[in-house]
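The values are calculated or read from the model by the stated rules, or taken from the named source; none is laboratory data. Small disclaimer: the values here were computed from a predicted structure and weren't measured. All Cβ positions, glycine included, derive from the backbone under ideal geometry; neighbour counts span all protein chains shown. Protein only, heavy atoms only, side chains kept; ligands, DNA and RNA dropped before computing areas. Shrake-Rupley method; radii C 1.70, N 1.55, O 1.52, S 1.80 Å.
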Amino acid sequence: MENAAWDIAPARDGGVIPSFLQPLDRAIPMIATADVGSAAAALLQRDWEGVHIAELQGPAPVSPLDIAATLATLLDRPVRAEAVPHAEWEGLFRAQGMRNPLPRIQMVDGFNQGWIAFGAPGAERLRGTTTLEQVLGRLVARAIC
């Protein structure tokens with residue numbers, strides 16, 4: 001969820017968050033870093049042998065529209081999500097300092113096309129408790145201070 005930190009300045013300054021995740025209404029599992037840490041600590045304290053797969057996700061899937069709506073509430077201004085055309089991704093990522101944007105493009109394509117998804121056979125499914133509102137609230141408070 002903390003990746004949404006990139007959305008705060010555009011939301012605050014222009015009322016628009018650019019989204020690589022598309023379509024804008026598709027909610028995907030996301031998790032707060034605090035929940036990742038808690039889950040990792042708990043998993044490391046367990047006794048187990050062999051391979052153990054745990055899928056971590058937050059209390060509810062999140063879409064770019066959810067992020068925009070939450071930021072609109074927190075910033076007390078209209079905020080909308082806008083899809084960034086795929087043809088522009090590489091140039092934007094390089095402008096952000098990425099030397100090899102292909103892995104990031106492939107990852108986002110995987111989410112958008114649905115081939116990166118939860119549901120591995122035999123995986124333990126763990127849910128965090130930290131909400132999108134909590135994460136974005138902290139990020140917004142830091143960005144404004």
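When you check LEU56 against the structure, is it part of a loop (DSSP other than H, G, I, E, B), in contact with a Pro (Cβ under 9 Å, 6 or more places away or on another chain) and crowded, with 16+ Cβ neighbours inside 10 Å, yes or no? Judged against the criteria, LEU56 is not a match. Here LEU92 fits the description: in contact with a strand residue (DSSP E or B) (Cβ under 9 Å, 6 or more places away or on another chain), open to solvent by 60 Å² or more (accessible area, probe 1.4 Å) and assigned to a helix (DSSP H, G or I). If the condition is being within 21 Å of ALA5 (Cβ to Cβ) and open to solvent by 90 Å² or more (accessible area, probe 1.4 Å), then region 111-133 contributes THR129, GLU133.
Restricting to region 121-137, give me the number of residues that are among the small types (Gly, Ala, Ser) and within 18 Å of the chain's Cα centre (by Cα). Here the count works out to 2.
A quick yes/no check of all residues on (1) hydroxyl-bearing (Ser, Thr, Tyr); (2) modelled with pLDDT of 95 or more; (3) touching a helix residue (DSSP H, G or I) at 6+ places or on another chain (Cβ under 7 Å):
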residue: LEU71; (1), (2), (3): no, yes, yes
residue: GLU88; (1), (2), (3): no, yes, no
residue: ARG94; (1), (2), (3): no, yes, no
residue: ARG99; (1), (2), (3): no, yes, no
residue: PHE118; (1), (2), (3): no, no, no
residue: GLY122; (1), (2), (3): no, no, no
residue: THR130; (1), (2), (3): yes, yes, yes
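Under the condition of being open to solvent by 50 Å² or more (accessible area, probe 1.4 Å) and not in a loop (DSSP other than H, G, I, E, B), the residues counted in region 15-29 number 1.
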